Amino acid sequence: MKKIILFLILLTLSSFSFADLTTVKVYLNTKDVVNDHWTSYISGVGNGYVVMNASIEKHLFCVPDKLALNADNFKNILDDQIEKYGEKINAIPIEVPLLNGLKTTFPCKK
């Protein structure tokens, strides 16, 4: 029982700190040092958005059929959003501007 309680406490603590580690500010301050980490993370988030988007009826963004997005595409989209909005989004997790960037880069026809 003690192990279960300890595990739950550690899980709770780690979930709070992880959200703080993926902010735009942290990304900007560390992307040159731990580029491989960010490339993998952003690629995973971006691919997750692509899969999620394909599974819903009303798509949030519409990538052209002949375009396969990769890690560089996702990072460029994220960096463009950060440049566009500047310091006012420093406290936001990078997942938010990435999704917004996908929506603005690949809008769906109405």
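Quick grid of which residues meet (1) assigned to a loop (DSSP other than H, G, I, E, B); (2) closer than 20 Å to Leu21 by Cβ; (3) at pLDDT 95 or above; (4) touching a helix residue (DSSP H, G or I) at 6+ places or on another chain (Cβ under 7 Å):
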| position | (1), (2), (3), (4) |
| --- | --- |
| His37 | no, yes, no, no |
| Ala54 | no, no, no, no |
| Asp65 | yes, no, no, no |
| Lys75 | no, yes, yes, yes |
| Gln81 | no, yes, yes, yes |
| Gly86 | no, no, no, no |
| Leu102 | no, no, yes, yes |
| Lys109 | yes, no, no, no |
- [ ] Identify, from the list Leu60, Leu69, the residue that is surrounded by 14 or more Cβ atoms within 10 Å (Cβ to Cβ), without any contact (Cβ under 8 Å) to a residue 40 or more places away in the chain, more than 17 Å from Val24 (Cβ to Cβ) and not β-branched (Val, Ile, Thr).
- [x] Leu69
Open item on the list: Can you pull out every residue in the stretch 76-98 that is crowded, with 17+ Cβ neighbours inside 10 Å and farther than 13 Å from Val24 by Cβ?
Closed with: Ile77
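May I ask you to say which residue of Val50, Val33 is of a type in the set (Val, Ile, Thr) and in a loop (DSSP other than H, G, I, E, B)?
On the way: Val50 fails: in a loop (DSSP other than H, G, I, E, B).
Result of the check over Val50, Val33: Val33.
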Open item on the list: Being of a type outside the set (Ser, Thr, Tyr) and more than 13 Å from the chain's Cα centre (by Cα) is the requirement here; does Leu99 meet it?
Closed with: no
TODO: Collect the residues in the stretch 88-100 that are closer than 21 Å to Ser40 by Cβ, among the aliphatic types (A, V, I, L, M) and not in a loop (DSSP other than H, G, I, E, B), keeping them in residue-number order.
DONE: Val96, Leu98, Leu99
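The values are calculated or read from the model by the stated rules, or taken from the named source; none is laboratory data. What you see is a predicted model, and the numbers here were worked out from it, not measured in a lab. Note: ideal-geometry Cβ built from the backbone for every residue, glycine included; neighbour counts use all protein chains shown.
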